[in-house]
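Below: one structure, written as structure tokens.
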Amino acid sequence: MPDGGVARLRLPVGERDHVQGPAGAPVTLVEYGDYECPYCRAAVPIIQELQGVLGDQLRYVFRHFPLADLHPHAQHAAETAEAAAAQGQFFEMHAALFEHQEALEDEQLVQYAVDLDLDAVRIRNELAAHAHAGRVREDFESGQSSDARGTPTGSSASARSWRQSRKHTPTSSARARRDMSDNAPSRASSGSALSSEASRDRDTADHG
């Protein structure tokens, strides 16, 4: 890891990513998350609040970092999110998975697809075939190359940003909001894995 605990985001934000917010936003948050991690779930309202406050100044990116040894349902949950992405509803499934974090068995994952009016049979088949496992693995490996070892871990892709790591150590919501909204945020309440980067590089994307 580089001196000072600052790690570069090795895989730039691009067309492959799931993104909310404009490509030209001055602040980008990249989250390496796990759908079964309670700290990632606790960060959801913090991120939503930031999106409400910062508006088009914030670009939010989610990447998968399932910790299978700790969270046995996280891999299939991530694959389900990718299966939903293939049908144009990544962030809708993303929200459902965090909302129902304690119910991530395969049959429940398929039910969330039904609830979202997706092709649930297709998603069931893709889960069985691990059709999206490679995509999840790409995210995971990009996290590892950016020095992610668990949740939370942050990486940065520009000299104007920095990394914060608080392994499963919760912080108060007020402190998290203050830290995250102070120029280029990198720490979320309750610990989701966040990276922040200055988007002067203007790497691509507004797609989910």
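Worth a mention:
- Averaging 1/r over each pair of different alpha-carbon atoms in region 19-68 and inverting the result gives 11.4 Å, the Kirkwood hydrodynamic radius.
- In region 50-151, the ratio of gyration radius to Kirkwood radius, Rg to Rh, stands at 0.98 when only Cα atoms are counted.
- Only Cα pairs under 8 Å and 6+ residues apart enter the sum, and on that basis the relative contact order of region 1-140 stands at 25 percent.
- Reciprocal of mean inverse Cα separation for region 47-88 (Kirkwood radius, Å): 12.3 Å
- Rg/Rg_ref, region 1-111, where Rg_ref = 2.2 N^0.38 Å and atoms are Cα: 1.11
- Inter-site label distance for SER145 and ALA95 at 7 Å from Cα along Cβ, in nm: 3.2 nm
FYI, it's all coordinate maths here, none of it is from the lab. Every value quoted in this text rests on a predicted model; they were computed, and no experiment measured them. Don't worry about glycine lacking a Cβ; one is built from the backbone with ideal geometry, like all the others, and counts go over all protein chains shown.
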